[in-house]
There are 2 protein chains.
Amino acid sequence: MDQYIMIYMPTADYSMVDRVLGEVAEQVTPSPKEIEKVDGVAKSVLEKIRGALEFSKFGPEIILGGSYARNTWLPLEADIDVFLRYPTNVTRKELEEDSYRISCKAFGEENLVIRYAEHPYTETYVDNVRVNVVPCYKVEIGNWMTAADRSPYHLKFVKENITREQTLDVRLLKKFLKSQGIYGAEIKVGGFSGYMCETLIYRYGSFKNLILNAAKWKPPIIITDKDKFDEVKEKFKGDKIIITDPVDYNRNLGKALTIKSLAKFVLACRSFLKKPTKEYFTVSGKKIKPKDLEDNILLENVIALLFEHEKMSADILWGMLYKTLNHFKKQFNENNFRVARTVAVSDEKSYSAYLFLFETKQVSEYETRIGPYIFDEENFEKFVTKNLDNSYILWVNEEGKICALKKRNISKAKKLLEEMLKDPIKYGASRKIAETLKNGKVYAGKEILEVEKDELWSGVIELLEPGEKKYFS
Amino acid sequence: MDQYIMIYMPTADYSMVDRVLGEVAEQVTPSPKEIEKVDGVAKSVLEKIRGALEFSKFGPEIILGGSYARNTWLPLEADIDVFLRYPTNVTRKELEEDSYRISCKAFGEENLVIRYAEHPYTETYVDNVRVNVVPCYKVEIGNWMTAADRSPYHLKFVKENITREQTLDVRLLKKFLKSQGIYGAEIKVGGFSGYMCETLIYRYGSFKNLILNAAKWKPPIIITDKDKFDEVKEKFKGDKIIITDPVDYNRNLGKALTIKSLAKFVLACRSFLKKPTKEYFTVSGKKIKPKDLEDNILLENVIALLFEHEKMSADILWGMLYKTLNHFKKQFNENNFRVARTVAVSDEKSYSAYLFLFETKQVSEYETRIGPYIFDEENFEKFVTKNLDNSYILWVNEEGKICALKKRNISKAKKLLEEMLKDPIKYGASRKIAETLKNGKVYAGKEILEVEKDELWSGVIELLEPGEKKYFS
C-alpha cells in the first residue's frame with residue numbers, strides 16, 4: 001500500500017488531539033442497548049425477507065449490508081441494506097418486479113417507499129431503523145450489470161480489512177464530516193460517502209493519521225496502490241481527488257466529491273489539529289428561530305426566493321436547484337448586483353428556497369451598453385435604433401465600438417429577481433421547476449423572518465454564519 | 001491603381017451631398033486676399049533663408065514645403081515648411097547646428113521655438129503664418145537617413161499627382177476630419193495626417209468617392225497598388241488600416257491612426273451620406289461657459305482631476321496623459337466604480353486634467369475578497385491573518401477558495417482617486433507626471449464649474465455631449 005500523498009509522520013505533540021478523540025469516542029459509538037435493538041431489527045428483517053422468499057420466482061441470495069452490517073454506523077443512524085442477489089440470466093424487469101414482490105410480502109406494500117438510484121429499490125422503517133431492499137446481480141468482480149452489484153463486495157472488503165478498532169476511526173471520520181456538512185455523496189452535499197470513509201481509514205490506518213495527512217493534501221490527490229499509481233493517474237486525469245475503489249480500480253470514489261467539500265475537509269483537518277475541540281464532532285440540532293437572526297446586520301442585504309413544488313427524487317431536485325441557482329447568480333452579477341454568497345434550501349417535499357447575500361442590493365442608476373464595432377454596419381444600426389432615444393449619450397470608444405449611456409431599467413436586486421421569475425427559462429432555470437418558479441415569492445431582509453419555514457431560517461444561518469470563521473479565531 | 005476595398009459606384013441620388021459640398025467649397029478655400037498674403041509671407045521667408053545661407057558651412061538646398069507649397073491648406077491655417085537638404089556626408093550634429101544657425105540668422109534667435117520630431121527643427125511665426133525650418137538629407141528614395149528626408153518627395157508627389165481640382169477635395173477632407181476632431185497624426189489626436197489626406201484623395205480620386213467607399217470600410221483596410229497588394233498585406237499584417245506611402249511602400253501611413261479615429265471617420269462618412277449637412281465641415285470655436293453645463297444632469301457623476309506641470313513636448317505629454325489615464329480608469333473599474341467615459345485635456349503649457357464620467361460614484365459598503373485555494377496553505381494563512389478580524393464572514397466557495405466579506409474601505413470614487421494620488425506610480429502613472437499628480441486637485445460635479453480653466457470646461461462638453469448622437473437622430 002502506498003499513496004501519492006506522503007504519509008506524514010506525526011512528530012509534534014498531539015496529546016490534545018488524542019484526548020479529544022478519546023472524549024468523543026463514546027459519543028460516536030452506539031450503546032450496547034442500541035446495538036441490541038438494531039440487532040433485533042436486523043434479525044426480524046432477515047426473517048421477514050426469508051419468509052417472503054417463497055413468493056419469489058428466482059429465489060435470490062440474501063446479503064445483509066449497510067452501515068449496520070459493516071459495523072460503522074453512528075448512534076441513531078444505523079441503516080440496514082438487504083441485497084437480493086439474482087442470477088445473471090434474470091432480466092432487469094424480472095429482477096425489479098421480483099424484488100418488489102419480496103419487499104411487499106415482507107413489510108406490506110403500504111409501508112414501502114420506492115426509491116431510485118440507478119434502478120428502483122424499496123425503503124421502509126422497522127422500529128425507526130431505515131431498511132432498504134436492493135436487488136442486484138450475482139456477478140464476478142468487474143462484470144457489473146448494475147451499480148448495486150458492487151455492494152456485496154464492498155461489504156466483504158470492509159469486513160475483511162477494517163479491524164474492530166478501525167470501525168471507531170470510521171465512525172469518528174463520519175461524525176467529523178457530518179459536523180462540517182460534507183458527509184454523503186448525494187448531489188445536495190457533494191461530500192464523502194460511507195464507503196469512501198471506510199476506504200480512507202483502510203488506506204491511512206487511522207482517523208488521526210488520515211487527518212494529519214489530509215491537512216497537507218493538494219489536488220490532484222491520488223490514493224491507490226503503489227503498483228496501480230501510474231495507470232490510475234492516467235485513467236482519472238483531470239479529477240481533483242482520486243480514491244480508487246479497492247474492489248474495482250476502474251472506479252474513482254472521489255468522483256462525486258466537490259472541490260468545495262474537499263476544501264472544507266482539508267481545512268477542518270488543519271484547524272482541528274491546531275486547536276482540537278469536540279466541536280468538530282458536534283452536529284448542531286438546534287432549531288433556528290427568527291430572533292437568532294434579526295440582529296445580524298448582513299440580513300439587510302439578503303434576498304430570499306421561496307417556491308413550492310411537487311416531491312421528486314432528491315438528487316434530481318438538488319441537481320436542478322443548484323443549476324438554476326448558478327444561472328440566477330450569474331444574471332445578478334452580469335447586472336452588477338454583486339452576489340457574495342448563495343445558499344439553496346429545501347424540505348425535499350413541498351418547497352425550496354434560494355438565499356442570496358448581496359454586496360449591494362441597489363446599483364447605479366446609469367449603465368453603459370457597449371455595442372458592436374461601428375464597422376459592423378448591420379448590428380451597429382440595430383444598436384443605434386434600439387438605444388438612440390433612450391440614451392443620454394452615444395459615443396465611439398477606444399476600441400471602435402459604439403456605446404450608450406442609459407438609465408438603468410432595474411436598479412434594485414429584488415426587482416431584477418421578480419423580472420427573472422416572469423420567464424425563468426430565459427434566465428437559465430431548469431424546465432422542471434420553471435413553472436413553479438413563476439409563482440415564487442421574493443422576500444428581502446427582515447421580511448424573510450416572517451416566513452415560517454424552518455429550512456429557510458437554517459439557510460439564513462448557513463449564509464450569514466458559514467462556520468469557517470470560528471475555526472481560525 | 002486598385003484598392004482592397006471595392007470602389008463603390010454611386011447609384012443613389014447624391015445631389016444633396018453635392019449641394020452641401022458646393023456650399024462648403026468656398027468656406028474651405030482660402031480667399032484670393034489670403035492667398036496673396038501667404039504668397040507674400042512665403043516670398044519673404046525664402047528671401048530671409050537665402051540671405052542666411054552665407055552663414056552656412058554646407059550650403060543646403062532649399063525646398064519650400066508644407067500645406068502652403070502643396071496648395072492644400074485651409075483658410076487661416078497655412079503652414080510653410082522650409083526644408084534644408086544637406087549632402088549625406090554632413091554629420092547629424094553638423095546638420096542640426098548648421099540649420100539652426102541659418103534659422104537664427106533668418107528670423108532672429110529670440111523669435112524661434114525649438115521643436116522635436118525625430119530630430120530638432122525650428123518654428124517661428126511670420127505675419128501669423130507658422131513657418132518651420134526642417135533640416136534633412138538629400139537622398140534617393142528609400143535610402144532615408146532621417147524621417148524628414150521623405151518630405152521633399154511627398155511634396156513632389158502631391159504636386160505631380162494631385163490636380164488643381166483635387167486640392168479642393170483634400171481641403172474638404174481636412175475640414176471634414178477637423179470637424180470630427182480626428183485631423184492630425186499627433187498622439188493627442190491619433191488621426192489623419194495631411195499627407196494621408198492627400199494620398200486618400202489620390203487613391204479615391206475625389207472626396208465624394210472616398211467617403212462613399214469609406215462608409216463601407218471594415219478593418220483590415222488595405223489601400224495600395226494592385227501589384228503591391230499581397231506583399232503589403234503580408235508586410236503590415238495586424239494593422240487595422242494600411243495606406244502605403246506612394247513614395248515608399250515600406251511605410252504604412254495608417255500606423256498612427258487609432259481604431260477610434262478610424263471608426264469615427266467611417267461613422268461620419270455614413271452619417272453624412274444619409275443626411276448631408278454643413279455641420280460636418282464646421283469646427284465649433286465656441287468658448288464653453290459653466291452655464292452651458294450646469295443643467296446637464298450627468299454632471300453630477302463627473303469627477304475632475306486637475307494638475308499643474310511644466311511644459312514639455314506635446315507628443316510626450318499626451319502619451320503620458322493617456323497611459324496614466326488608462327491605468328487610473330482600470331483602477332476605478334477594478335474597485336467597482338464603473339467608469340463610462342474619460343476625457344483628458346491640457347493647455348499643453350501649465351496644466352492638464354482628467355475627466356471621469358461614472359455610472360456610479362458610490363459603491364456598496366461591502367466587498368467580497370476572493371482569496372487563494374485553501375490547499376495553498378501559505379497564502380491561505382496569510383489571507384486569513386489579514387482578513388479574519390475585519391471580515392464579517394469567511395467561507396470556502398464552490399471553487400475551494402477562501403473568501404471574505406468585508407466592509408469596503410473606500411466606497412466613494414472621489415476618495416479612491418485621492419487615495420491613488422498619494423502614490424500615483426503604484427497605480428500606473430507615468431513617472432514624469434507622478435510628482436505633479438500628488439499635488440493634483442479633485443473636483444466633483446458642479447465644483448468643476450468653479451475652476452476657471454477653459455480646456456477643462458471644453459473637456460466636460462466633450463465628455464457629456466460627445467457629438468456622435470446628433471448624427472443619428
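Residues satisfying the criterion are present in segment A:237-256 (criterion: within 30 Å of A:Lys453 (Cα to Cα) and out of contact with any His (no Cβ under 9 Å at 6 or more places or on another chain)).
Kindly provide the set of residues from segment B:412-442 that are surrounded by fewer than 20 Cβ atoms within 10 Å (Cβ to Cβ), within 28 Å of A:Val363 (Cβ to Cβ) and either within 14 Å of another protein chain (Cβ to nearest Cβ) or small (Gly, Ala, Ser) (or both), ordered by number. Of everything in segment B:412-442, those that are surrounded by fewer than 20 Cβ atoms within 10 Å (Cβ to Cβ), within 28 Å of A:Val363 (Cβ to Cβ) and either within 14 Å of another protein chain (Cβ to nearest Cβ) or small (Gly, Ala, Ser) (or both) turn out to be B:Lys412, B:Gly428. Within segment B:425-438, one or more residues are touching an Asp or Glu at 6+ places or on another chain (Cβ under 8 Å) and over 30 Å from B:Asn390 (Cα atoms). Looking at segment A:210-221, can you tell me whether even one residue there is in a loop (DSSP other than H, G, I, E, B), within 29 Å of A:Val24 (Cβ to Cβ) and among the hydrophobic types (A, V, I, L, M, F, W, C)? Taking every residue of segment A:210-221 in turn, at least one turns out to be in a loop (DSSP other than H, G, I, E, B), within 29 Å of A:Val24 (Cβ to Cβ) and among the hydrophobic types (A, V, I, L, M, F, W, C).
Counting the residues of segment A:177-208 that are closer than 18 Å to A:Glu462 by Cα and among the hydrophobic types (A, V, I, L, M, F, W, C) gives 4.
Cβ-Cβ contacts under 6 Å between residues 6 or more apart (or on different chains), taken from a first residue in segment A:224-241 that is modelled with pLDDT under 95 to a second residue that is of a type in the set (D, E, K, R), are listed as A:Lys226/A:Asp2.
Matching residues to (1) modelled with pLDDT of 95 or more; (2) out of contact with any Leu (no Cβ under 8 Å at 6 or more places or on another chain); (3) not polar (S, T, N, Q):
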{"residue": "B:Asp2", "(1), (2), (3)": "no, yes, yes"}
{"residue": "B:Ala12", "(1), (2), (3)": "no, yes, yes"}
{"residue": "B:Met16", "(1), (2), (3)": "no, yes, yes"}
{"residue": "B:Val24", "(1), (2), (3)": "yes, no, yes"}
{"residue": "B:Lys37", "(1), (2), (3)": "yes, yes, yes"}
{"residue": "B:Lys43", "(1), (2), (3)": "yes, yes, yes"}
{"residue": "B:Phe55", "(1), (2), (3)": "no, yes, yes"}
{"residue": "B:Gly66", "(1), (2), (3)": "no, yes, yes"}
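Listed by first and then second residue, the pairs linking a residue in segment B:86-101 that is in the same structural domain as B:Lys57 (by TED's automatic domain parsing) and under 19 Å from B:Ile114 (Cα atoms) to a residue that is among the β-branched types (Val, Ile, Thr) and in a loop (DSSP other than H, G, I, E, B), with Cβ atoms under 9 Å apart and 6 or more places separating them unless they lie on different chains, are B:Arg92/B:Thr146; B:Leu95/B:Thr146; B:Asp98/B:Val90. Taken together, the residues in segment A:398-457 that are over 18 Å from A:Tyr322 (Cα atoms) and part of a helix (DSSP H, G or I) amount to 15. Number of residues in segment B:251-281 that are away from chain A (no Cβ under 11 Å) and among the charged types (D, E, K, R): the value is 5. B:Phe337 satisfies every condition listed in (1) closer than 16 Å to B:Ala444 by Cβ; (2) not in a loop (DSSP other than H, G, I, E, B) except (2). State the number of residues belonging to segment B:154-176 that are surrounded by 18 or more Cβ atoms within 10 Å (Cβ to Cβ) and touching a helix residue (DSSP H, G or I) at 6+ places or on another chain (Cβ under 7 Å). Count: 14. Can you tell me which residues in segment B:234-280 are over 26 Å from B:Leu21 (Cα atoms), in a helix (DSSP H, G or I) and either among the charged types (D, E, K, R) or not assigned by TED's automatic domain parsing to the domain that holds B:Lys174 (or both)? Those that are over 26 Å from B:Leu21 (Cα atoms), in a helix (DSSP H, G or I) and either among the charged types (D, E, K, R) or not assigned by TED's automatic domain parsing to the domain that holds B:Lys174 (or both): B:Glu234, B:Lys235, B:Lys255. Collect the residues in segment B:126-137 that are touching a helix residue (DSSP H, G or I) at 6+ places or on another chain (Cβ under 8 Å) and either assigned to a strand (DSSP E or B) or surrounded by 13 or more Cβ atoms within 10 Å (Cβ to Cβ) (or both), keeping them in residue-number order. B:Val126, B:Val129, B:Val131, B:Asn132, B:Val133, B:Val134, B:Pro135, B:Cys136, B:Tyr137, listed by residue number. Does segment A:71-83 contain at least one residue that is at pLDDT 95 or above, surrounded by 13 or more Cβ atoms within 10 Å (Cβ to Cβ) and farther than 30 Å from A:Tyr204 by Cα? The answer is no; no qualifying residue exists. Considering the conditions (1) within 28 Å of A:Met16 (Cβ to Cβ); (2) away from every other protein chain (no Cβ under 14 Å); (3) in contact with a helix residue (DSSP H, G or I) (Cβ under 8 Å, 6 or more places away or on another chain); (4) not aliphatic (A, V, I, L, M), A:Ser284 is excluded by exactly one of them, (3). Residues in segment A:329-345 that are more than 14 Å from every other protein chain (Cβ to nearest Cβ) and closer than 19 Å to A:Lys415 by Cβ: A:Gln331 alone.
Look through segment A:445-473, keep the residues that are among the basic types (Lys, Arg) and closer than 30 Å to B:Lys382 by Cβ, and return whichever of them is farthest from the other protein chains (Cβ to nearest Cβ). Break it down stepwise before answering.
First pass over segment A:445-473, keeping only residues among the basic types (Lys, Arg): A:446, A:453, A:469-470.
Add one more test, that the residue is closer than 30 Å to B:Lys382 by Cβ, and what stays is A:469-470.
Values: A:Lys469: 4, A:Lys470: 9 Å.
Here the residue is A:Lys470.
So which residues in segment B:281-293 are of a type in the set (A, V, I, L, M) and either free of Cβ contacts under 8 Å to residues at least 24 places away in the same chain or part of a helix (DSSP H, G or I) (or both), if there are any at all? Once the filter is applied, which keeps residues that are of a type in the set (A, V, I, L, M) and either free of Cβ contacts under 8 Å to residues at least 24 places away in the same chain or part of a helix (DSSP H, G or I) (or both), segment B:281-293 yields only B:Leu293. If only residues of segment A:294-313 that are surrounded by fewer than 16 Cβ atoms within 10 Å (Cβ to Cβ) and assigned to a helix (DSSP H, G or I) are counted, the one that is nearest to the other protein chains (Cβ to nearest Cβ) is A:Ile297.
Per-residue answers, yes or no, for (1) under 24 Å from the mean Cα position of the chain (by Cα); (2) closer than 30 Å to A:Lys401 by Cβ; (3) modelled with pLDDT under 95:
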{"residue": "B:Thr342", "(1), (2), (3)": "yes, yes, no"}
{"residue": "B:Glu348", "(1), (2), (3)": "yes, yes, yes"}
{"residue": "B:Phe356", "(1), (2), (3)": "yes, yes, no"}
{"residue": "B:Gly371", "(1), (2), (3)": "no, no, no"}
{"residue": "B:Lys407", "(1), (2), (3)": "no, no, yes"}
{"residue": "B:Lys414", "(1), (2), (3)": "no, yes, yes"}
{"residue": "B:Gly428", "(1), (2), (3)": "yes, yes, yes"}
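Contact annotation: residue pairs with Cβ atoms under 9 Å, 6 or more positions apart or on different chains, pairing a residue in segment A:379-403 that is under 12 Å from B:Leu267 (Cα atoms) and within 7 Å of another protein chain (Cβ to nearest Cβ) with a partner that is of a type in the set (Phe, Trp, Tyr) and part of a strand (DSSP E or B), are A:Gly400/A:Tyr373. Starting from segment A:177-196, take each residue that is in the same structural domain as A:Leu257 (by TED's automatic domain parsing) and among the β-branched types (Val, Ile, Thr) and list its partners that are in a helix (DSSP H, G or I) and surrounded by fewer than 19 Cβ atoms within 10 Å (Cβ to Cβ), counting only C-beta distances under 8 angstrom and pairs at least six apart or across chains. Filtered contacts from segment A:177-196: A:Ile187/A:Ala314; A:Ile187/A:Asp315; A:Ile187/A:Gly319; A:Ile187/A:Tyr322.
I'm checking my understanding of the structure. Among residues of segment A:252-272 that are without any contact (Cβ under 8 Å) to a residue 40 or more places away in the chain and not polar (S, T, N, Q), which one is surrounded by the fewest Cβ atoms within 10 Å (Cβ to Cβ)? Reasoning before the result, please.
Residues of segment A:252-272 without any contact (Cβ under 8 Å) to a residue 40 or more places away in the chain: A:252, A:255, A:263.
From the residues that got through so far, the ones that are not polar (S, T, N, Q) too are A:255, A:263.
On the way: A:Lys255: 13, A:Ala263: 26.
Among residues in segment A:252-272 that are without any contact (Cβ under 8 Å) to a residue 40 or more places away in the chain and not polar (S, T, N, Q), the one surrounded by the fewest Cβ atoms within 10 Å (Cβ to Cβ) is A:Lys255.
Could you tell me whether segment B:20-31 includes any residue that is of a type in the set (A, V, I, L, M, F, W, C) and under 17 Å from B:Val131 (Cβ atoms)? Don't jump to the end; show me each part of the working.
Applying the first criterion (of a type in the set (A, V, I, L, M, F, W, C)) to segment B:20-31 yields B:20-21, B:24-25, B:28.
Now drop any that are not under 17 Å from B:Val131 (Cβ atoms), which leaves none.
No, segment B:20-31 contains no residue that is of a type in the set (A, V, I, L, M, F, W, C) and under 17 Å from B:Val131 (Cβ atoms).
Scanning segment A:350-378 for residues that are facing chain B (nearest Cβ under 7 Å) and either assigned to a helix (DSSP H, G or I) or touching a Cys at 6+ places or on another chain (Cβ under 8 Å) (or both) gives a single hit, A:Thr368.
The values are calculated or read from the model by the stated rules, or taken from the named source; none is laboratory data. Values in this document were obtained by computation on a predicted structure and should not be read as measured data. Ideal geometry is used to build each Cβ from the backbone, glycine not excepted, and the neighbour counts take in all protein chains shown.
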